[in-house]
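What follows is a single structure, written as structure tokens, with notes after it.
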Amino acid sequence: MTKSRIEARFAQLKAENRAAFVAYVMAGDPDYATGLEILQGLPAAGADLIEVGFPFSDPMAEGPPIQRAAQRALANGQTLKKTLAMVAEFRKADQTTPIIMMGYANPLVHHGYDAFARDAAAAGVDGVICVDIPPEEADPLADALDASELSLIRLATPTSDDKRLPVVIRRTSGFVYYVSVAGVTGVKEADAAAVAPNVERIRAASGLPVAVGFGIKTPERAAEIARVADAAVVGSALVEEVATGLAMNESVTARVLSKVESLAKAVRSARVESLTV
Amino acid sequence: MKLQIPVNAPAKPNDYTAYPDASGRFGDYGGRYVPETLMPLVHDLDAAYTAAKNDPAFQAELRSFLTHYVGRPSPLYYAERLTQHYGGPKIYLKREELNHTGSHKINNCMGQILLAMRMGKTRIIAETGAGQHGVATATVCARFGLPCVVYMGAVDVERQKPNVFRMNLLGAQVEAVTAGSATLKDAMNEALRDWVTNVHDTYYLIGTAAGMHPYPAMVRDFQAVIGNEVKQQTLELEGRLPDAVVACVGGGSNAIGLFHPFLNDEGVQLIGVEAAGEGMETGRHAAAINGGRPGVLHGNMTYLLQDDEGQITEAHSISAGLDYPGIGPEHSWLHDVGRAKYLTCTDQEALDAFKLLAELEGILPAIESSHALARLPEICKEVGKDGIVVLNLSGRGDKDVQTVADHLGRQI
Ligand SMILES: Cc1ncc(COP(=O)(O)O)c(C=O)c1O
């Protein structure tokens, strides 16, 4: 039942012949109330799917922007339970936008995988990405998520060669997340020409939509990726709007949502434009 | 379903040395919790290390460098005046502080640099706390002509200035890490971020028996030279094995190197000493086993300092080398199965032990090693008058002179 929100959204976008725009935000950044306001505003601003980061003190695959976002959220008391509460609040008004929770193992280990899966399903979460749980360690989490009908979304990377890829996509569902650069979030830029063949390869091997993230900051880059992938994910550039809003004493929500609008617009028109060029 | 958090003491194994298993587990501890980008590299490293371990040519080359460059074997020294002071068992000190670069860290660095070159890697990165591992890494990189970047918490850069300068003299680039608590765990985060970014040419030379498989097993194997020598030396000097072997525990590499050859000799007590900082009751300490719970950080499931939400908390210790919120997974397992015992020592107790060894034996111990020395009164009492205790003097204290002076309120 819950799985179908992701499938339904990708099916709908396929019919519209366009890629999804996926917005990543850090839950509780800069604080719970503002974070909730941002989350609730994302669908209208153009986010087709939402990744909700749950903060961890030691995010080893994040660059400085998302590290700082996690620190802001933690400093203001964000927890895994509050992140689940935030999703539940969001679901009261939105029954269709898929929500993927993304973060690191220890808060989940601490909550207990089974309890987490049940609580996440009850809150209206659709899938989970856990950055530091590779396939070799994933079975206990995958069992728990399966039991609650949640998707475990896997990360494929530039180091996922033909030997590794089958391991990566085993037990994955919903979509595959292609990490387009070897590196941390928010530093290197994705290269659409290099990404395209990998997206094809992962799509063929998994039979699932492929979302691309980790190196997309601008509407131009988002549009390029949207021409070759099923979804373009932007995270660091959005949390940087939070930082800038705070520094300039402007509305953080307005800044983030306006950035989402420009990125979503670029993704929506990407394939149309490429036909007319 | 497999337990996610170990709760009950696991069964006692028939052979303690049969771990980790193929998936890198010591019971429920260990594993490979790393981002997918690194997984193929971690598998490559595992395969390359297994091949090297079984290659007599690799082992011969390593032995030769340990003998002629590091200065092994290190002496096992009968500390006569310290023994008299406690009036009890004979106390022997394993003199790892006499190794080239002044600590046990070089044993591991020599092994890993030879492996890195065998794997064709051309750039070395490392994390460091006290700077001892950074210095040892910079040293082997200089010796073999490889570029070296050392990540070090900004707080540690400040309190271990002489070691930063030593690394620079050896040609290494020291990157001060300001993220998080700006200490060892953050340096390790930053080194992992570097590795994820530079997957093609870079070898990550981890300095302790922690992190993702195969590091805990590999670092242990390279440090086991300590315990193997101790075993041979006590047999030669005393005609029997010691009753207890003692070491300080940060990530746990000098301790596991000492313990491992004795794991199946159940008459030998294995005692690790964790840093209690300002006191266990203050919460400002670095004792993962005595004051933490199992969780996942830096690639492995192990005891960690963490809050009620699974966020890692800051460690506190006078000793930069012990100032880490985790511990190697094999120690977590040895604790749970009851084979090793983990005690604690406060900053003040370590300072007192530092002074005592200087005055009685003419040896300045590292402030890390002083933590082990500080528990000798209790250990001697338990072992009894006719016993033999071997304590690993993991490093020399020259680097800590400023810290000790500050705590004594002296200007130097
Ligand atoms: C002299 C010395 N002893 C002990 C340690 C702690 O490390 P480990 O527990 O890995 O031996 C360090 C770490 O820097 C050290 O420099």
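Structure notes:
- The distance from the alpha carbon centre of the range A:189-208 to that of the range B:360-412 is 58 Å, rounded to a whole number.
- Size of electric dipole in the range B:23-90: Cβ of Lys, Arg +1 and of Asp, Glu -1, about Cα centre, debye, nearest 20: 400 debye
- By the Cβ rule of 4.7 Å, chain B holds the following cysteines without a possible disulfide partner: B:Cys109, B:Cys248, B:Cys345, B:Cys380.
- Global form of the range B:266-308, assessed from the alpha-carbon gyration tensor, a/c cut-off 1.5: oblate
- Viscosity 1.306 mPa s, temperature 10 °C, Stokes-Einstein D of chain B from Kirkwood C-alpha radius, µm²/s: 76 µm²/s
- Close amide H pairs (under 5 Å, H built 1.01 Å from N) link B:Arg25 with B:Gly31, residues at least 5 positions away or on another chain.
- Burial of 50 Å² or greater, the range B:288-303 residues [accessible area, probe 1.4 Å, versus chain by itself]: B:Val296
- Protein-protein interface of the range B:31-76, residues with accessible area decrease of at least 10 Å², isolated chain reference, 1.4 Å probe: B:Arg32, B:Tyr33, B:Val34, B:Pro35, B:Glu36, B:Thr37, B:Met39, B:Pro40, B:His43
- Under a model in which nothing but the beta-carbon of Lys, Arg (+1) and Asp, Glu (-1) is charged, chain B shows a dipole of about 840 debye around its Cα centre.
- Rounded if a/c under 1.5, otherwise prolate or oblate - the range B:234-292, Cα gyration tensor axes: prolate
- Counting only Cβ charges, +1 for Lys and Arg and -1 for Asp and Glu, the dipole size of the protein assembly as shown around its Cα centre is about 940 debye.
- For chain B, the membrane-span-like helix rule (DSSP H, alpha carbon extent of at least 15 Å along the helix axis, mean Kyte-Doolittle at least -1.0) picks out B:39-53, B:105-118, B:132-144, B:184-197, B:215-238, B:347-361; this says nothing about an actual membrane.
- Modelled spin-label separation between B:Asn264 and A:Asp31, with each label point placed 7 Å from Cα along the Cα-to-Cβ direction: 6.2 nm.
- Dipole of the protein assembly as shown [Lys/Arg +1, Asp/Glu -1 at C-beta], most positive-end residue of B:Cys109, B:Pro75, B:Gly321: B:Cys109
- Stokes-Einstein translational diffusion, the range A:186-257 - Kirkwood Rh over all Cα pairs, 0.692 mPa s, 37 °C, in µm²/s: 247 µm²/s
- Rounded if a/c under 1.5, otherwise prolate or oblate - chain A, Cα gyration tensor axes: rounded
- Exceeding the 31 Å Cα-Cα cut-off - candidates B:Lys185/B:Lys231; B:Lys94/B:Lys341; A:Lys188/A:Lys259; B:Lys121/B:Lys341: B:Lys185/B:Lys231; B:Lys121/B:Lys341
- Signed unit charges on C-beta, dipole axis of the range A:150-269, positive-most listed residue A:Leu150, A:Ala222, A:Val212: A:Leu150
- Pairs from B:Lys355/B:Lys381; B:Lys105/B:Lys385; B:Lys161/B:Lys381 whose Cα-Cα separation, in the structure shown, is over 28 Å: B:Lys105/B:Lys385; B:Lys161/B:Lys381
- A Förster radius of 45 Å combined with the Cβ-Cβ distance from B:Val337 to A:Arg118 puts the calculated FRET efficiency at roughly 0.90.
- Accessible solvent surface per residue of the range B:183-305, calculated while the other protein chains remain in place, 1.4 angstrom probe, Å²: 23 Å²
- Once divided by 2.2 N^0.38 Å, the Cα radius of gyration of the range B:349-405 becomes 1.15.
- Candidate cross-link partners of A:Lys92 among the lysines, defined by an alpha-carbon separation under 22 Å and a same-chain spacing of 8 or more, comprise A:Lys3, A:Lys81, A:Lys82.
- For the range B:271-349 versus the range B:84-124, the gap between their alpha-carbon centres in whole angstrom: 22 Å
- Heavy-atom accessible area buried between chains B and A is around 3300 Å² (1.4 Å probe, both sides summed).
- Cross-link partners of A:Lys163 among aspartates and glutamates (Cα-Cα below 14 Å; sequence separation of 8 or more within a chain): B:Glu36, B:Asp44
- Divided by 2.2 N^0.38 Å, where N counts the residues, the Cα radius of gyration of the protein assembly as shown comes to 1.00.
The values are calculated or read from the model by the stated rules, or taken from the named source; none is laboratory data. Model, not experiment: these values are computed from the prediction. Reconstructed Cβ throughout: ideal geometry from the backbone, glycine too, with neighbour counts over all protein chains shown. Areas reflect the complete protein model, heavy atoms only, side chains present, ligands, DNA and RNA absent. Shrake-Rupley method; radii C 1.70, N 1.55, O 1.52, S 1.80 Å.
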